[in-house]
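Peer 1: For reference, the structure I am asking about is given below.
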Amino acid sequence: MLELKHISYSVREGDGELGILKDISLTIDDHRLVVFTGPNGGGKTTLAKIIMGLVQPTEGRIFWNGQDITDLGITQRARLGISYGFQQPPRFKGLTVRDLLTLASGDEKLSKDKCCQYLTRVGLCANDYLDREVDVSLSGGEVKRIEIASILARSSDLMIFDEPEAGIDLWSFARLTETFEQIHRTGSATMIIISHQERIISLADEVIVVGDGSIRHRGAAAEILPQILQDTLGACPVLTKEVQAQ
Ligand SMILES: Nc1ncnc2c1ncn2[C@@H]1O[C@H](COP(=O)(O)OP(=O)(O)OP(=O)(O)O)[C@@H](O)[C@H]1O
Ligand SMILES: [Mg+2]
């Protein structure tokens, strides 16, 4: 179980402080699929990085399976079974896809067959990619899918995916959605997926709308989707018909 208790995060801005996350408390039970969604700049990535230990909260505590992990670093959290896929994944010159999957899995002799299984789950063919370097020669969508495959290889208890759909073509997206559904069905991990995609939102046990550094709504997908739509309508004069579209 993951528990966030009164998490706040602020940065210095000029003489003052800029509040990015404001007193967020949240509990996520094991094997749930929770989607964080909400407007750009709302604080979703910051919250995910705080869970992974990439950003240290200004206030509040984080508990994982009852253990206070607030002061633990990324490596220690990874050892406790938490993994995070970046919104914009880093590239690793000199490291092949096979190396990356091997490192992630912790199995020094990871077979080609196993690599192939992980890559297939994100819609990639192992033969084309295993010996490629994870460098700038890979497209944005390829590097994103390879990173997701490395999270699958890590088989963590808590997997956090930051906009896994970003830059991914429709066919691979369908494959990826099936993968998320399958992980969820087998109950092999708790998943937090940051997403703006209705298809992913509809998979969630719970949807949490993060806006302006706070939790704006939370509930079942069927209940939250109409609210999101209503918020969206409120924000755009064309959609609210105050301005007639041409
Ligand atoms: N270190 C920082 N210094 C200043 N501002 C920051 C810092 N980190 C985050 N922010 C700001 O905090 C806000 C939340 O950022 P965050 O990346 O968490 O948003 P997000 O919800 O993931 O947005 P998106 O949907 O665009 O990915 C943004 O306005 C961002 O510019
Ligand atoms: Mg983000």
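Peer 1: Cβ-Cβ below 7 Å, separation at least six or inter-chain, first residue in the stretch 84-112 and closer than 15 Å to residue 141 by Cα, second surrounded by fewer than 18 Cβ atoms within 10 Å (Cβ to Cβ) and charged (D, E, K, R): which pairs?
Peer 2: From the stretch 84-112, the pairs are 91/135; 97/132.
Peer 1: Within the stretch 165-202, take every residue that is among the aliphatic types (A, V, I, L, M) and farther than 23 Å from residue 52 by Cα and give me the one that is surrounded by the most Cβ atoms within 10 Å (Cβ to Cβ).
Peer 2: My answer is 168.
Peer 1: Another question, if that's okay. In the stretch 35-79, which residue that is within 16 Å of ligand 2 (Cβ to nearest atom) and part of a loop (DSSP other than H, G, I, E, B) is nearest to residue 225 (Cα to Cα)? I'd like the intermediate steps shown before the answer.
Peer 2: Initial filter on the stretch 35-79 (within 16 Å of ligand 2 (Cβ to nearest atom)): 35-52, 54-55.
Filter once more, keeping what is part of a loop (DSSP other than H, G, I, E, B): 38-43, 54-55.
Values: 38: 11, 39: 14, 40: 17, 41: 19, 42: 17, 43: 19, 54: 30, 55: 29 Å.
My answer is 38.
Peer 1: Same structure again: Only one residue in 53, 123 is touching a residue at least 40 places away in the same chain (Cβ under 8 Å) and either of a type in the set (Gly, Ala, Ser) or loosely packed, with under 15 Cβ neighbours inside 10 Å (or both). Which one? First the steps, then the outcome.
Peer 2: Values: 53 fails: touching a residue at least 40 places away in the same chain (Cβ under 8 Å).
Every option except 123 fails the conditions.
Peer 1: For the stretch 196-218, give me the residue count where each residue is small (Gly, Ala, Ser) and modelled with pLDDT of 95 or more.
Peer 2: Of the residues in the stretch 196-218, the ones small (Gly, Ala, Ser) are 202, 204, 211, 213-214.
Okay, now just the ones that are also modelled with pLDDT of 95 or more, so 204, 213-214.
Residues that pass the stated criteria total 3.
The values are calculated or read from the model by the stated rules, or taken from the named source; none is laboratory data. Keep in mind the model is a prediction, meaning the values are calculated, not measured. In this analysis, Cβ positions are derived from the backbone assuming ideal geometry, glycine residues included, and neighbour counts consider all displayed protein chains.
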